[in-house]
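Just below is one structure, and these are the notes that go with it.
The values are calculated or read from the model by the stated rules, or taken from the named source; none is laboratory data. What you see is a predicted model; the values in this text were computed from it and never measured. When we count neighbours, we look across all protein chains shown, and the Cβ atoms used for this are built from the backbone with ideal geometry, even at glycine.
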Amino acid sequence: MAAVKETIDAVAALEKYEHGFTSDIETEYAPKGLNADIVRFISEKKGEPEWMLEWRLAAYERWLAMEEPTWAAVKYEPVDYQDLFYYAAPKQKEGPKSLDEVDPEILEVYKKLGIPLKEQEVLAGVQGAPKVAVDAVFDSVSVVTTFKEELAKVGVIFMPISEALREYPDLVRQYLGSVVPVSDNYFAALNSAVFSDGSFVYIPPGVRCPMELSTYFRINASQTGQFERTLIIADKGAYVSYLEGCTAPMRDENQLHAAVVEIVALDDAEVKYSTVQNWYPGDAEGKGGIYNFVTKRADCRGDRSKVSWTQVETGSAVTWKYPSCILKGEESSGEFYSIAITNGHQQADTGTKMIHLGKNSKSRIIAKAVSAGKSDSTYRGLVSVHPKATGVRNFTQCDSLLIGKECGSHTIPYIEARNGSAQLEHEATTTRLSDDQLFYAQQRGLSEEEAVALLVNGFVRDVMQKLPMEFAVEAQKLVAISLEGSVG
Amino acid sequence: MTAVSRIDLTDASTFPTRRVEAWKYSDLKRWLREAPPASPQAEVSSPGAFDALGGEAILFANGRAVGVTDFIASGEQTLRLRYVSDAVGTGHTASARVSARAGARLLLLETHEGAGSAYVAHNRLELDVAAGAEVTRVVLVEEPEDAISITEADVRVEAGGVFRQTVVTTGAKLQRLETRVKHFAQGAHAQVDGLYLLNGSRHADLTSVVSHLAADGTTSQLIKGVARETARGVFQGKIVVERGADGTDARMAHNALIASERAEIDAKPELIIYADDVQCAHGNTVGTLDESALFYMQQRGIPADEARALLTQAFLIEVIDRIDHEGAREVAREWLTARL
């Protein structure tokens with residue numbers, strides 16, 4: 001088994017993360033550690049209304065009383081919550097009016113990452129790509145949001161949540177915490193207390209957002225946790241496609257990222273949320289990397305509303321993430337398409353929850369996991385049908401691919417049906433790359449690495465097709481890079 | 001890992017609650033707050049379902065062994081294992097040990113026969129399947145609807161050994177049938193089937209953990225169930241493939257019918273895999289009877305209730321058909337048909 005030997009050797013030599021550079025940017029920090037004063041500091045820094053400070057302080061109190069969850073199939077060094085900076089912002093003049101006022105160093109970072117911050121720019125490498133509005137979040141603050149005026153013309157609000165708290169406090173207050181309550185879980189409570197920025201999106205009734213919206217998160221400062229909060233509201237009959245990307249420098253330490261994303265879809269609204277998660281995964285020995293403990297949830301409140309989550313998870317040392325849909329509306333539908341690729345010492349415990357409360361609600365789950373190296377990947381999901389939800393349909397498919405002898409792959413789906421008219425189907429498979437297919441592809445002149453990339457891309461194809469075009473290009477490259485060195 | 005429960009009926013602190021992950025859907029503590037008083041002695045006069053198939057017998061009456069509790073099989077043998085409960089509001093525990101010597105073929109016919117009411121039964125079985133031995137375990141469970149029972153079986157299969165199991169139950173107030181199978185050495189085979197048919201407010205929990213500790217093992221599992229009225233069916237199946245257990249082939253399927261608006265099915269089929277040269281799959285469906293099939297049958301003059309019973313039987317019988325011993329299969333088939 002020469003290929004297996006090569007796999008092991010190659011994994012040992014693994015060191016590939018092209019977004020791992022650090023940038024020396026003058027940064028303003030809050031004092032290290034977490035206490036009520038830090039919460040006050042962040043709130044004051046953001047010029048928040050009084051009720052918001054109270055909301056944060058209440059969340060902090062709740063967090064103090066909670067215990068860190070341990071049920072996920074991941075192992076990691078405990079986080080010292082007092083040894084973190086909870087606020088790190090690049091020094092700049094208060095609220096830059098235009099791109100020219102933004103620190104050129106920061107612009108350079110985004111340029112390196114290929115994120116178009118100038119409105120006339122289109123995404124690198126994609127000819128004739130449609131416009132994408134970007135909210136760029138750098139450590140704890142949003143540095144720039146593009147296309148705001150153009151979006152405002154059709155009534156779409158797209159701005160940093162800190163700004164929205166000042167400009168549209170009533171709207172934020174109405175929805176913030178209504179999908180992920182403050183005390184939902186340990187990390188959500190922590191986020192509620194200390195979140196510093198993130199994006200706010202409101203699409204008015206009947207409006208189809210004229211362009212893709214995107215937020216790009218970058219952790220830059222060391223010893224810093226990133227806690228962003230995203231709130232998306234699609235009013236009746238609205239549509240929006242939202243993209244999220246994230247990267248971080250290579251560091252020896254583990255950095256914490258605890259975000260909360262809340263989506264509200266009213267009658268006939270549709271939200272498509274796509275993520276390419278490429279946080280630094282740690283080095284070949286498993287040192288460093290991001291702890292990605294994220295709570296993402298969509299509330300399909302309205303009848304016939306629809307939310308679709310698509311995620312490509314290639315980064316982070318440890319991932320703990322379950323984008324979910326609460327299907328309250330009649331005939332509402334939820335979708336979850338996921339590719340989780342782990343290599344090196346990465347661990348991922350990810351999946352989804354589909355909570356069917358509304359009549360004739362539908363959901364579809366397609367999860368593909370690829371584990372290589374010494375990594376561990378778990379799909380954990382719940383499909384639950386409540387007694388009053390008649391006519392519910394669900395289809396779930398989880399496939400896992402193992403590359404190498406030292407990785408693990410686990411599937412833990414929960415199905416709870418409390419209504420006689422539900423139709424639920426679940427299937428899961430776990431296999432390794434087929435020797436026959438590899439041999440066949442190599443016989444046709446592909447190198448072993450190309451053959452693996454081809455087969456893996458074929459394996460994840462169902463999900464790839466659900467990504468917006470801008471992301472699909474990036475994601476396909478990521479799949480190949482993430483697995484580089486995992487097989488001969 | 002599933003915490004191996006060491007439930008002791010005399011100590012209420014050992015009763016798991018639903019906060020224990022492995023007991024999430026069967027909250028023993030909720031139905032049994034205190035340790036029940038010990039059951040009195042009981043007489044057994046009724047015949048067992050498998051009597052006609054002959055062989056040796058181990059009999060427990062309210063947890064007390066009438067004769068031996070251990071059995072070692074060699075050559076080709078049949079053992080009837082009867083757990084008889086006849087008690088009201090009391091509890092009892094029975095433990096048996098059975099092993100099959102290398103190359104032996106054992107037909108293990110187990111019945112759980114309940115009379116009386118509101119009793120608590122705890123049954124334990126240790127079963128060793130030596131190299132090249134074959135054990136077929138067929139379990140029929142019938143208990144009063146207010147009884148609580150927990151049956152735990154630990155099965156160890158050595159190289160090339162074969163273990164086949166089919167559990168058929170109609171549930172109880174809270175009933176758990178847990179089987180833990182370990183593929184201890186190379187090339188073992190396990191079939192861990194089950195069937196539940198639940199009426200009223202009955203509950204049945206079929207839980208299994210099959211661990212592949214050695215290479216080239218195979219596991220096949222088919223569980224089917226029907227929950228009617230306000231009954232609750234639970235299936236928790238876990239297949240673990242440990243590092244080094246290459247060449248494992250494991251398949252698991254759970255198909256359930258919810259036959260009423262208020263019945264409930266909870267399922268958790270898990271695959272925990274640490275080896276790469278494996279083929280593992282599970283399928284899980286929850287649904288209702290096919291309306292068009294029902295309509296077709298009614299069109300042909302079959303009354304709706306009868307059509308429903310026929311379709312249910314057709315759905316469930318697949319599990320019975322997989323019992324490889326003809327005599328045991330026929331007994332199980334009749335037993336099930338009488339309860340449809």
> Would you pick out the residues in segment A:267-295 that are without any contact (Cβ under 8 Å) to a residue 60 or more places away in the chain and of a type outside the set (D, E, K, R)?
Replying inline: A:271, A:273, A:275, A:277, A:288, A:289, A:292
> Within the bounds of segment B:234-248, is there any residue that is within 20 Å of residue B:180 (Cβ to Cβ) and either among the acidic types (Asp, Glu) or at the interface with chain A (Cβ under 8 Å from one of its Cβ atoms) (or both)?
Replying inline: yes
> Considering segment A:295-316 alone, what residues qualify as being outside any loop (DSSP other than H, G, I, E, B), of a type outside the set (Lys, Arg) and surrounded by 23 or more Cβ atoms within 10 Å (Cβ to Cβ)?
Replying inline: A:295, A:298, A:299, A:300, A:307, A:309, A:310, A:311, A:312, A:313
> Counting residues that are facing chain B (nearest Cβ under 9 Å) and either crowded, with 23+ Cβ neighbours inside 10 Å or within 23 Å of the chain's Cα centre (by Cα) (or both), which strands (runs of 3 or more DSSP E) fully inside segment A:337-427 reach at least 3?
Replying inline: A:376-385, A:393-403, A:408-417
> What is the one condition in (1) under 22 Å from the mean Cα position of the chain (by Cα); (2) at positive phi; (3) without any contact (Cβ under 8 Å) to a residue 40 or more places away in the chain that residue B:75 does not satisfy?
Replying inline: (1)
> Picking from B:261, B:291, B:270, which residue would you name as being closer than 25 Å to residue A:348 by Cβ and surrounded by fewer than 24 Cβ atoms within 10 Å (Cβ to Cβ)?
Replying inline: B:270
>> List the residue pairs whose Cβ atoms are under 6 Å apart, where the first residue sits in segment A:174-194 and is closer than 18 Å to residue A:67 by Cβ, the second is part of a helix (DSSP H, G or I) and polar (S, T, N, Q), and the two are 6 or more positions apart or on different chains.
In response: A:182/A:192
> Quick one: is residue B:273 in contact with a Ser or Thr (Cβ under 6 Å, 6 or more places away or on another chain) and facing chain A (nearest Cβ under 7 Å)?
Replying inline: yes
> Which one is nearest to residue A:467 (Cα to Cα) among residues in segment A:226-247 that are among the small types (Gly, Ala, Ser) and in contact with a Ser or Thr (Cβ under 9 Å, 6 or more places away or on another chain)?
Replying inline: A:241
> When you scan segment A:103-120, how many residues do you find that are crowded, with 17+ Cβ neighbours inside 10 Å and either at pLDDT below 70 or under 21 Å from the mean Cα position of the chain (by Cα) (or both)?
Replying inline: 6
> Can you name every residue in segment A:266-278 that is over 12 Å from the mean Cα position of the chain (by Cα) and under 18 Å from residue A:311 (Cβ atoms)?
Replying inline: A:270, A:271, A:272
> Quick one: how many residues across segment A:365-401 are closer than 22 Å to residue A:346 by Cβ and of a type outside the set (Val, Ile, Thr)?
Replying inline: 17
> So which residues in segment A:359-379 are of a type in the set (D, E, K, R) and at pLDDT 95 or above, if there are any at all?
Replying inline: A:359, A:362, A:364
>> What's the total number of residues in segment A:436-455 that are acidic (Asp, Glu) and either touching a residue at least 60 places away in the same chain (Cβ under 8 Å) or not in a helix (DSSP H, G or I) (or both)?
In response: 1
> What number of residues within segment A:428-444 satisfy the criterion of being more than 7 Å from chain B (Cβ to nearest Cβ) and of a type in the set (Ser, Thr, Tyr)?
Replying inline: 2
> Which one of these is surrounded by 23 or more Cβ atoms within 10 Å (Cβ to Cβ) and touching a helix residue (DSSP H, G or I) at 6+ places or on another chain (Cβ under 8 Å): A:189, A:164?
Replying inline: A:189
> Here are B:334, B:261: which of them is at the interface with another protein chain (Cβ under 7 Å from one of its Cβ atoms), farther than 30 Å from residue A:408 by Cα and acidic (Asp, Glu)?
Replying inline: B:261
> Given (1) farther than 30 Å from residue A:331 by Cα; (2) touching a helix residue (DSSP H, G or I) at 6+ places or on another chain (Cβ under 8 Å), where does residue A:410 come up short, assuming only one miss?
Replying inline: (2)
> Would segment B:212-227 turn up any residue that is modelled with pLDDT of 95 or more, acidic (Asp, Glu) and out of contact with any Cys (no Cβ under 8 Å at 6 or more places or on another chain)?
Replying inline: yes
